[in-house]
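A quick write-up on the structure given underneath.
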Amino acid sequence: MRARSPLSRSLVAALVALSSIAAPTLGCGRLDDWPDELAVEAPIVDGARETGEPAIVALMGITGLCTGTLIAPSVVLTAKHCVVPERASGPIAPGLVTVGIGDRVFGASRSLRVREIVTTPGPLRISGSFDPVGTATGTDVALLVLRERVEDVTPIPVRRASADGLAGASATAIGFGNTRTGTTGEKNRQDTTITHVTPFLLEAIETICQGDSGGPLLVEEAGVREVAGVASFGVYSSVGDVGRCPSDADYWNRVDAQFELIDLALLRAGECPPSGEPRVEVCNSLDDDCDGEIDEGCLPIGALCERDDACAFAPMPEAARASTDPAPVRCLEIEAGERRCSIPCDATRASGCENLRRPLGLETLPLEGLYCHSSHGCEGVCAPGEPGSGDNGEACERDTECASLRCTALGDRRICTTPCLADRGACPLGEVCSAATGSTEADACGFCVAASSFPSGRALGEICADDAECASGLCGPSRAEGSARLCTKPCENDGGCPVSAFHCEDGLCAPGTRGAALAPCRDASDCIRGARCEGEPGASYCSLPCSRDVDCGAGGRCDTDRTPAACVPEGLPAGSACEADAECHSGVCFDSLCYLPCDPRFPCPPGQFCDRVAGRLLCHAPWPVEYVPEGFVGSSCSCRVASRPSADGWPAALLGALGLLGALGLLARARSRSGARSA
């Protein structure tokens, strides 16, 4: 390092953050924050144009132009100030930075997306103002975990040996930063010598400038090149030189001071950090033995277990976890005395265990033979089992005896039920949710029962005959004349209704939210703003403008032959004639028509209601309450075997079962406490 003038107050040293953002706002403070050291911007200068080295990549984002190094197929090493703005508590969103492969920023041969950013803890602090080199923290390091592996580029690994003895060693700096002639955005290289080593930094003279931040300082031993440092800042010895390129002395963070962070990023990317120890696979969601497989030999989900670390995809080590990770597999109690490898699930959806979301950006793993077993309130755990044949109201001992996969204890007996959430209006027409209106999150889960169970206190969207039956005090007509009347309340717009389940229609809250792309509709008012209602009468769908298939969601495509391009379903919309499930966009073909299945968490689309159809819950147009033919439970006009409904449409068998248990009175009392409140 060059000796400083003893006149430290007149020959001021200036700290240079080596990114392309205006330095007074990056890394080391604003100009007026530095009484003795002036923070400015300063990259590879006097070097040679580099058209190769594909592992040296450009970083482009809201923090400016930076450089990075591919140290593993899906991990890029760079500087923290390239992804953490000054005074910010953490990094920018991964989607705000792009990695470019090639020898120039504009015209990169390939652009890569970032899945996760791993940095040292806390806000950005490169060093102190009075002695930037001596007070350097060595924490100006970050790693980008890519969404995809780069298989056709050979990474440059980090140097695992100590950097203490590198003073005087030859090294190479490579980056996309400014040159002495003012060009920037092209890859250049500069051979240099490491002039000084501190506990956290490597120093070289007049080597790099703005845009080279995050770039590597490469050293070679025995024919092996490795990254020894990450470009961070430069220092000027005179105020008059501030801003020229290059600075007098340039500094790289030592990578050997950040092995823990680097190895964490490698783990988060699914890579294997180097180790001199024999590798043994354990059950922790990581590829411990580096054989390309994760948790081989561990127990699958649904298997009997005694502890978490016996299950495949069990919790990762604490240091490798992130708040964005999905819930790991654990050994959970399913029934009394029975523990199985499992994951949490939504107890309102008995079928919510078809897939396992995995951490580290790994593909979702499909699961078979599992259902969501209700454990407490709205909480559930995935357990082995397939739907049984028991209809709602029939006696049962286990969930798997019921078509709904829900066997509920009522008094000293258990019966098959349909789960539901309070205040959603999502039970089949003629039924209400047993959970009290105004329930807290802890007790919002219930099951669908006959509306006659609750002569008052019914929630929005539940069937009614007069105002006295509704907690809101208003029993209003539905849009279809002559159809069922529902509990409602006045509104001026959708914001005046529970937005998760209702919309405002003709001044009253009605079940269902306005549909996005491909949702069933009657006219454009049933769709979100900007969508059209298209298709045949009775089989119409919401169509949104689009530019690519992903804009249309699952089961849809963007029809670019239209002007403007719009979303259309790949399968037949609900209400269309069909012969097989695969023909329908919804995946359900019943009685030669495509139907949308009911979701116990949300009502059917506007203008449709949930009904029980041969053991299934399907959405369709409302049925007239004044006339219910024998053998019918809805208006799908398809004869089917069913219990003859009572006056309010509830199967008499279940009414009898509940009556024997005295449960109707208990349920009515449970809801009457909050049922009289104003909605």
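If you add up the charges near Ser111, with Lys and Arg at +1 and Asp and Glu at -1, over every other residue whose beta carbon is less than 12 angstrom from its beta carbon, what do you get? List each step's numbers first, then the result.
On the way: positive: Arg110, Arg113, Arg147; negative: Glu148.
Summing Lys/Arg as +1 and Asp/Glu as -1 gives +2.
Quick one: order Glu534, Glu333 from most to least accessible surface, probe 1.4 Å. Don't skip to the end; give the middle numbers.
On the way: Glu534 35, Glu333 110 Å².
Ranking Glu534, Glu333 by accessible area, largest first, yields Glu333, Glu534.
Compute log10 of I(q)/I(0) for the stretch 290-422 with the Debye formula, placing one identical point scatterer on every Cα and leaving out solvent, at q = 0.11, 0.16, 0.20 Å⁻¹, to two decimals.
At q = 0.11, 0.16, 0.20 Å⁻¹ the computed log10 ratios are -0.43, -0.82, -1.16.
Report Arg424's accessible area, 1.4 Å probe, all protein chains in place, as a number in Å² to the nearest 10.
Result for Arg424: roughly 60 Å² accessible.
Between Val153 and Arg87, what is the label-point separation in nm under the 7 Å Cα-to-beta-carbon projection?
For Arg87 paired with Val153, the spin-label model returns 3.5 nm.
If packing is taken as the average count of other Cβ atoms within 10 Å, what order do 456-466, 559-569 fall into, highest mean first? Can you show the working numbers first?
Numbers: 456-466: 22.5, 559-569: 15.4.
With the highest mean Cβ count within 10 Å placed first, the list reads 456-466, 559-569.
For Ser592 paired with Arg616, estimate the spin-label separation in nm (one decimal), with each label point 7 Å from Cα along the Cα-to-Cβ line.
Once both label points are built, they end up 1.6 nm from each other.
For Cys311, tell me the accessible area in Å² from a 1.4 Å probe, rounded to the nearest 10.
Ignoring ligands and nucleic acids, Cys311 comes out at about 0 Å².
How long is the gain from Glu335 to Glu534 if the chain were fully straight, where each residue apart is worth 0.36 nm and the alpha carbon distance is subtracted? Mind dumping the intermediate values first?
On the way: separation 199, 0.36 × 199 = 71.64 nm, distance 4.89 nm.
Net length gain for the segment: 66.7 nm.
I need the calculated FRET efficiency for the pair Ser111 and Ser170, taking r as the beta carbon distance and R₀ as 45 Å, to the nearest 0.05.
Details: r = 33 Å, r/R0 = 0.74.
The formula returns an efficiency of 0.85 here.
Starting from the Kirkwood radius over alpha-carbon pairs of the stretch 119-192, derive D by Stokes-Einstein at 4 °C in a medium of 1.567 mPa s and give it in µm² s⁻¹.
On the way: Rh = 16.3 Å.
Reported coefficient: 79 µm²/s.
Students sometimes get this wrong: rank Phe609, Phe233 by accessible area, probe 1.4 Å, all chains present, largest first. Provide the component values of the computation, followed by the final result.
Numbers: Phe609 25, Phe233 0 Å².
Output order, biggest surface exposure first: Phe609, Phe233.
Which is farthest toward the positive dipole end of the stretch 460-525 among Ala468, His503, Leu486, measuring Cα position about the Cα centre, with Cβ charges +1 (Lys, Arg) and -1 (Asp, Glu)?
Value: His503.
In what order, largest first, do Arg279, Arg254 sit by accessible area if the probe radius is 1.4 Å? Show your work: numbers first, answer last.
Numbers: Arg279 90, Arg254 15 Å².
Largest accessible area first, the list is Arg279, Arg254.
What FRET efficiency do you get for Val280 and Asp466 if R0 is 51 Å and r is their Cβ-Cβ distance, rounded to the nearest 0.05? Walk me through the numbers on the way to the answer.
Values: r = 71 Å, r/R0 = 1.38.
The formula returns an efficiency of 0.10 here.
Round to the nearest 10 and report in Å² the accessible area of Tyr236, as given by a 1.4 Å probe over the protein chains' heavy atoms.
Around 0 Å² of this residue is reachable by solvent.
The values are calculated or read from the model by the stated rules, or taken from the named source; none is laboratory data. None of these values were measured; they are calculated from a predicted model. Note that we place each Cβ from the backbone using ideal geometry, even for glycine, and neighbour counts take in every protein chain shown. Accessible surface is based on the protein model in full, side chains and every heavy atom, while ligands, DNA and RNA are left aside. Shrake-Rupley method; radii C 1.70, N 1.55, O 1.52, S 1.80 Å.
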